[in-house]
Every structure is written in C-alpha cells, then in structure tokens.
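Reading through the structure tokens given below for one structure.
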Amino acid sequence: MDDAPLIEARGLTKRFGEFVAVDGIDFAVACGETFGFLGPNGAGKSSTMRMIGAVSPVSGGTLRVLGLDPATHGAEIKQRLGVVPQQDTLDFELTVYENILVYGRYFGLPKDVIRTRADELLEFVQLNERRDSRVEPLSGGMKRRLTIARALVNEPSLLLLDEPTTGLDPQARHVLWDRLYRLKQQGVTQVLTTHYMDEAEQLCDRLVVMDRAKIVAQGSPRELIRKYVQREVVELRFAGEPSVDGRLDGLGDRVEVLADRILIGTDDGDACVHAVHERGVAVESMLVRRSTLEDVFLTLTGRTLVD
Amino acid sequence: MAAVAAQPLTTPVQRATAVTAWHARSYRRTWRATITTAFLNPVFFLVSVGVLLGKLIDDQQAALGGLSYVEFVAPALVATTAMQVGTNDGMFPVMAGIRWLRTYHAVLATPVRVAELVLGAMAWSVIRMLVAATIFTAVAALGGAIDSPLAIFAPFAALLCGLAFHAPLAAFTSSPMLEDGSGGWFPAINRFVIIPMFLFSGTFFPVSQLPDWLEPVAWATPLWHGIELCRDLCTGSVELVATLAHVGYLGAFVAVGAALAVRFHERTLLK
Ligand SMILES: Nc1ncnc2c1ncn2[C@@H]1O[C@H](COP(=O)(O)OP(=O)(O)OP(=O)(O)O)[C@@H](O)[C@H]1O
Ligand SMILES: [Mg+2]
C-alpha cells in the first residue's frame, strides 16, 4: 500500500465551456512526498488542485485521490484532505480560534478533540497570541498561517497548498516554509503550487512545470536543472535597452534576451564574463550565478515566471 | 491503491448541524444589527398602525370580519416578521458565503455536501424566524391584540412563510446567472418585491379592498398565504381546507426554492 500513489492522474482534463484549462496531464504523487506544480498565471495549477480537492468535476481522463474517484467519493476523500486554497476563505467575523473550532466540526471531530488540536495548531503556526482576535485585522501572513492551521485540524494524510506564500514578505515565507518542512518530516504528503522557483527548490521533492494547460517538464528540481540548462548563468544588465548587435554570438550555450537584461547559459561563467569584456559589450553590470528553476522555465517556455 | 482507512464519516444531519452551528456562532457577533428589523420594527408597526391609527378606524369592524383593527393587523405582522428574516437570510449570508467572504468554499472543501450546506443555513434561519415570530406573538398577546390559544402555532405558520422567501431568494442569490456578485440587486428586490407585498398582501387591509384585477395578484403572493394562516390561528377561526391550501402553496415555494438553491449552489461553487 505504501508504494501505491496517493494521487494518480491520467489524461486529466478540465474544460470551462470551450476553454481548456487543463489539457490531458499525467502525474502521480507518492505517499510522503512533496510535489509541486510550477507555472505562470493561468497555467491551470488551481484548476488541477481543485479537481484533486473534489470541488471541481473532472472533464476528461481519470483521477484517483487516496485510491478513490472524486466524482463518487468526494466526502470520503475530503475527510482525509487538508486544503489551503489560493484565496483565503476564513470567516472574518469569527476569532482565530473559532475558525478552527467551526471547521473541525465539519469533519465530525468531538469538541474536546478540536479544542486540544486548535491549541496545538495555533502554537505550531505561532498564532497563539492572536487566539482570540478577530480574523479580519490580521496581516496577510497571519491569515495564511491560520488557513494552514485550519487545514490541519483533521490531521490530513494529504495537504493541498495553492500558492501558500504568495503575497507574503520574505520573513513570513521562511516561517511558512519551515512549518511545511516540519509537516513533511511528520509524513504528511503535500501538493503545492507556486510561482516561486526558490520555493519549489526548497520544498519540492518532485515537481512538474505547467504552461498553457500542459505539463512541459517533470522531475526533481536538480534533475530539471541538469536536464534543461547549463550549470551557470551570466546576467548582463544594461543602462538602457539591451543592445549587442550580434556581439554575443557564439557565447555560452544559450542566450535569452529579456526586456531588462540578457542571460547567457554556460558551463563556465568566468570564461564567459571574460569573453564579454573582450568583445567590448557596453554592459552596466555583469554577474555569474548558478542556474535555477527560473532558467529552466525560461528555456522551456521562453517566458519568465513572475510577470 | 492506497485505500482509505476505515474512517467513520459523519451523517448528513451531523454535517448540516455543524453548518447551523457555524451560522449561530457568527450571529453572536452580528445580532445587534438585526434587532431592529427582526424585533423592533414589527412592534413599532403594531403600535403606530395597529393601535394608534386603528383607533381612528375601529368602528369599521365589519370589513375586518368582526375584528378590531389591531386584532386584524397583529397576526399579519407575525407573518411579515418571519418574511423579513427569511428575505435577509436568503440574500446576504448566501452572497457573503459564495462571493464576498467565500466561506462557503471553505465548507465545501470538507466532507460537507452542498445540500447539507444549504439546508444547514436554512435551519439557522428557521431558528431565527421562530424566535422572532414567537417574541412578537407574545408581545402582541400581552398587549391584548391576540387572544386565541391557537396562536401558539402562529410562529410555525410564520416560519413556513419565511422559508417561502428564504428558499427562492437563496436560489436567486446563488444562481450562476447572477454574474454580478456585488449584491446590487438586493435593494431592488426590497423595493419592488418585498415592500409592495408587505403593503398590499393583506397586512393592513383585507385584499378585497384592492381593485378587482389586483386581488388575484395578492392571492398569488406567498405572503398573503402566510398572513391568512397566521390570522386564522391568532383569531381561532381555522378551516381545514383553507389551511391545507395555504400550507400546500407555501410548501411548494419552499420545496421548489430549496431544490433550485441546492442546484444553483452546486453549479456556482463546484465548477
Ligand atoms: N471558473 C472558471 N470559469 C472559466 N474559466 C476559468 C475558471 N477558472 C479558471 N479558468 C481559466 O482557466 C485557466 C487556468 O486557470 P487556473 O486558475 O487553473 O490557473 P493558475 O495556474 O492557477 O493561475 P494563477 O497562477 O494565476 O493562479 C485560466 O485561463 C482561467 O481564466
Ligand atoms: Mg491559481
């Protein structure tokens, strides 16, 4: 049972009228793994997450979550699911604590169990000091943490996180990453979507890159980087629009011209920097860095992720 | 396949009750705002129109079926009290849950099913209607405007009337056709549907006073049936056939409204 996938999708499709939001994707998520969907706006990440969460009917293909069909066993699946939706759905009128109490009742948990767990969970997401405040005035990061705490009240086997850290400041993001990492250590399987490469690299064992309703690549972050890009990237910045008149021809293995900079993928960054200087390109600044998932994405789709 | 470990699912009633409990808890924070519409306004109408205005017209008892004016008006206000609550609860909490706060999306991420969500919300409204109608009936009875012992059933008749507003309005509010999620419709519904019904469906004068062509329109409104039911109970003149007809008519509004509400919630929330 342990090596059977917790989620399995084949030819999974979502249509809204004529529009195809998810176009026949295949993936499987193993027990205990953290699995990511990476992709730009409108790629179909949330549509996929909602189908997994049994709140959006599948338009085509097959989907099994916890071995069950969401179309026929939605309630049974949801009993073991924790869901952090892209948009907060907290009850602003209620207090932090009450939000968890109310939610726990939907799973049929006894009140004293919910109370104990609510206290533990608020501790876990560091909200115990705000236990009795109304939700409305909380900061975005606190609301996000409360949503995560609420999603854990039924001790889910599978946690779905749709952009868990979008809109948070770097410190709040790190706190959240830390909590998600701890959950992973406790054996909670996680599926998350993100626009952030560093988040995917930090959290995901495996991920798929989605673009325009399709999966364009999959693997571990490291595999993807090894497979699709060179080891290093040289970033050239210019005072105005990048203009090079072919003077970079033949440099590196791959050149991407963006609106504000030029990226050169290469296995030897220093040599490339040297060559750029030699050719007399008028750059304002130049730096060498390791390739990231962002570069993978750029190579695969010709676009940057955060637009 | 990773089969689901045998985990006891709650029953539909338990889940609907959890939804009702949620609404009750939220209400603890907003009850002050509803005091005026649910409790004070009906009493104001009873005193100003029923008692004070009634003094001027009290000698026309024949047109009122032998009742004093305040005895005529008070039972109708039992029904309109529930109508107010049903109208409010069929619109604002539904819109908030689906579009404003999106809290209904959170509920549906759990094992709660759409029908349980809709009926759980209705159950909370039923409690509110019963409480409001009972308090009003008691106030009117203490003031001498109601004296039949059958009046203890009037709040139940009123709640049927209230649900005949709640259910269709919940269907309307959750409809996928209602693209505009601003709630801009609500004042219009109040102005062009609720208030005209309040004024012309037999609350303050018998509908036989209406022009002949308008009278059947009044008969078609759920409020008229609710008022007739309450009036018969409060004056102790219940007739079986008429009662069954009123209950059947209102029941049809509730049943069709609730079925549509579940369907529309489903289409809007689970797409
Ligand atoms: N309810 C809906 N009705 C019609 N179209 C929809 C609906 N929900 C999503 N779409 C469309 O489906 C496509 C995929 O949307 P989805 O929300 O899955 O993207 P996403 O990858 O989550 O994007 P983002 O990063 O912006 O959250 C988009 O073009 C979107 O407009
Ligand atoms: Mg999304």
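Values for this structure:
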read-out: Exclusive hit being in contact (Cβ under 8 Å) with a residue 24 or more places away in the chain and part of a loop (DSSP other than H, G, I, E, B), set B:P93, B:P111; value: B:P111
read-out: Segments classed as strands (runs of 3 or more DSSP E), wholly inside region A:1-61, with at least 2 members that are open to solvent by 20 Å² or more (accessible area, probe 1.4 Å); value: A:7-16, A:19-29
read-out: Residue check, A:F107 more than 20 Å from B:L270 (Cβ to Cβ), within 11 Å of chain B (Cβ to nearest Cβ), more than 16 Å from ligand 1 (Cβ to nearest atom) and of a type in the set (F, W, Y); value: no
read-out: Elements of type helices (runs of 4 or more DSSP H) contained in region A:115-204, each with 2 or more residues being open to solvent by 70 Å² or more (accessible area, probe 1.4 Å), away from ligand 1 (no atom under 16 Å from the Cβ) and free of Cβ contacts under 8 Å to residues at least 40 places away in the same chain; value: A:170-185
read-out: Residues (away from ligand 1 (no atom under 16 Å from the Cβ) and modelled with pLDDT under 95) located in region A:78-93; value: A:F92, A:E93
read-out: Total residues in region A:57-95, condition under 19 Å from A:V29 (Cα atoms), facing chain B (nearest Cβ under 7 Å) and of a type in the set (S, T, N, Q); value: 1
read-out: Residue match in region A:61-72 (condition: within 16 Å of ligand 2 (Cβ to nearest atom), small (G, A, S) and farther than 11 Å from A:L6 by Cα); value: no
read-out: In region A:1-48, the residues that are within 21 Å of A:T301 (Cα to Cα), within 14 Å of ligand 1 (Cβ to nearest atom) and among the aromatic types (F, W, Y); value: A:F19, A:F37
read-out: Scope region A:62-101; condition more than 30 Å from B:Y27 (Cβ to Cβ), open to solvent by 30 Å² or more (accessible area, probe 1.4 Å) and either in contact with a strand residue (DSSP E or B) (Cβ under 7 Å, 6 or more places away or on another chain) or part of a loop (DSSP other than H, G, I, E, B) (or both); matching residues; value: A:T62, A:R64, A:D69, A:E76, A:R80
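The values are calculated or read from the model by the stated rules, or taken from the named source; none is laboratory data. None of the values given here were measured: they were computed from a predicted structure. Using ideal geometry, Cβ is built from the backbone for each residue, glycine included, and neighbour counts are taken over all protein chains shown. The accessibility values were calculated without ligands, DNA or RNA, using every heavy atom of the protein model including side chains. Shrake-Rupley method; radii C 1.70, N 1.55, O 1.52, S 1.80 Å.
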